[in-house]
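Report on the following structure.
Where a number appears in this text, it was derived from the coordinates with a stated rule and is not lab data. The structure displayed is predicted, hence computed values, not measured ones. Don't worry about glycine lacking a Cβ; one is built from the backbone with ideal geometry, like all the others, and counts go over all protein chains shown.
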Amino acid sequence: MTRLRPIADRHQCTLGQLALAWLIAQPQTSAIVGARNPEQAMENTKAAEVILSSEDLAEIDAIGRTVTDHLDDNPVMWEFAA
């Protein structure tokens, strides 16, 4: 989150709004978001106003890859013990 905060600050949005804006910007993707109260719902809608540049998207992608590059090729990211 530390590396994402400057991007959120540039766009004057929360980290949650940044995450939603990034998801909305992905091709062939829809964002389904929950909210516990009307205030959260209103905050979530502000993500639609965040316009991320291709440079922003590349920077966020690079940050995300610091986590995902360490995952193996198993499409199931978790295993449940029986």
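Scanning segment 1-43 for residues that are outside any helix (DSSP H, G or I), touching a helix residue (DSSP H, G or I) at 6+ places or on another chain (Cβ under 7 Å) and without any contact (Cβ under 8 Å) to a residue 40 or more places away in the chain yields MET1, CYS13, THR14, THR29, ALA31, VAL33, ALA35.
If only residues of segment 1-45 that are more than 16 Å from ILE63 (Cβ to Cβ) and β-branched (Val, Ile, Thr) are counted, the one that is surrounded by the fewest Cβ atoms within 10 Å (Cβ to Cβ) is ILE32. Test ALA48 against the criterion of being in contact (Cβ under 8 Å) with a residue 12 or more places away in the chain, in contact with a Leu (Cβ under 9 Å, 6 or more places away or on another chain), surrounded by 14 or more Cβ atoms within 10 Å (Cβ to Cβ) and part of a helix (DSSP H, G or I), and give yes or no. Against the criterion (in contact (Cβ under 8 Å) with a residue 12 or more places away in the chain, in contact with a Leu (Cβ under 9 Å, 6 or more places away or on another chain), surrounded by 14 or more Cβ atoms within 10 Å (Cβ to Cβ) and part of a helix (DSSP H, G or I)), ALA48 does not qualify.
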